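Report on the following structure.
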Amino acid sequence: MPRIDRNKRDMEKVKTIAVNVAVIAAISLALLWGNALYRQHVQFDKGEKGTASGDFPAAVAGYEAAIHMYTPASSIVPRSAQKLWDLGQMAEANHDAARALIAYRALRSSFYAVAGIYSPGHDWIGRCDARIAVLVQQQAQ
């Protein structure tokens, strides 16, 4: 058997293996992304149920967990962030600084928790830092 034919066959095997590995990797990433997105929706729904029933800790925990399962291009992350912000604003309007701090700190820490190569939520972190500073100063007086 000529050496050139054997080299061609070996190269075809390498290409086939590379394509198979790439396909398996793509499918695995898609499954991971889909799982995280599904769980994100479940946690957001728990936050919605907590809000609807007036269960502040459950609402905060649900929205916070939804952000922790950050997936790129998900509409749930900004919605959860807004819901946590709204909980903090409502608590402030009710003169409940302790609950407002819980909501703002949960929002801020959620975005810190998902930071990696890309760090989302810089605007939310800044807004939370400003509100937390005001509330902590008010409590100190």
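The values are calculated or read from the model by the stated rules, or taken from the named source; none is laboratory data. Just so you know, these numbers come straight off a predicted model, no measurement behind them. Cβ placement follows ideal geometry from the backbone for every residue including glycine, while neighbour counts extend to all protein chains displayed.
Summary of computed values
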quantity: Test: ILE27 is of a type in the set (A, V, I, L, M, F, W, C), surrounded by fewer than 11 Cβ atoms within 10 Å (Cβ to Cβ), at pLDDT 95 or above and farther than 25 Å from HIS122 by Cβ; calculated: yes
quantity: Filter pass, TRP33 being in contact with a Pro (Cβ under 9 Å, 6 or more places away or on another chain) and in a helix (DSSP H, G or I); calculated: yes
quantity: Any chance LYS46 is at pLDDT 95 or above, in contact with a helix residue (DSSP H, G or I) (Cβ under 6 Å, 6 or more places away or on another chain) and either closer than 21 Å to LEU135 by Cβ or among the hydroxyl-bearing types (Ser, Thr, Tyr) (or both); calculated: no
quantity: Qualifying residue in the range 116-132 (condition: hydroxyl-bearing (Ser, Thr, Tyr) and more than 22 Å from PHE56 (Cα to Cα)); calculated: yes
quantity: Matching residues in the range 84-103 - criterion: being of a type outside the set (A, V, I, L, M, F, W, C) and either surrounded by fewer than 19 Cβ atoms within 10 Å (Cβ to Cβ) or touching an Asp or Glu at 6+ places or on another chain (Cβ under 8 Å) (or both); calculated: ASP86, GLN89, ASN94, HIS95, ASP96, ARG99
quantity: Selection status of SER119, assigned to a loop (DSSP other than H, G, I, E, B) and closer than 30 Å to LEU29 by Cα; calculated: yes
quantity: Meets criteria (surrounded by fewer than 17 Cβ atoms within 10 Å (Cβ to Cβ), farther than 20 Å from ARG127 by Cβ and either among the hydrophobic types (A, V, I, L, M, F, W, C) or modelled with pLDDT under 95 (or both)) for ALA65; calculated: no
quantity: Qualifying residues in the range 49-62 (those that are touching a helix residue (DSSP H, G or I) at 6+ places or on another chain (Cβ under 6 Å) and without any contact (Cβ under 8 Å) to a residue 40 or more places away in the chain) - the one surrounded by the fewest Cβ atoms within 10 Å (Cβ to Cβ); calculated: ALA58
quantity: Residue that is surrounded by the most Cβ atoms within 10 Å (Cβ to Cβ), among those in the range 114-135 that are farther than 12 Å from GLY88 by Cβ and of a type in the set (A, V, I, L, M); calculated: ILE125
quantity: From LEU107, LEU87, residue being at pLDDT 95 or above, under 30 Å from GLY34 (Cβ atoms) and either assigned to a loop (DSSP other than H, G, I, E, B) or more than 15 Å from the chain's Cα centre (by Cα) (or both); calculated: LEU87
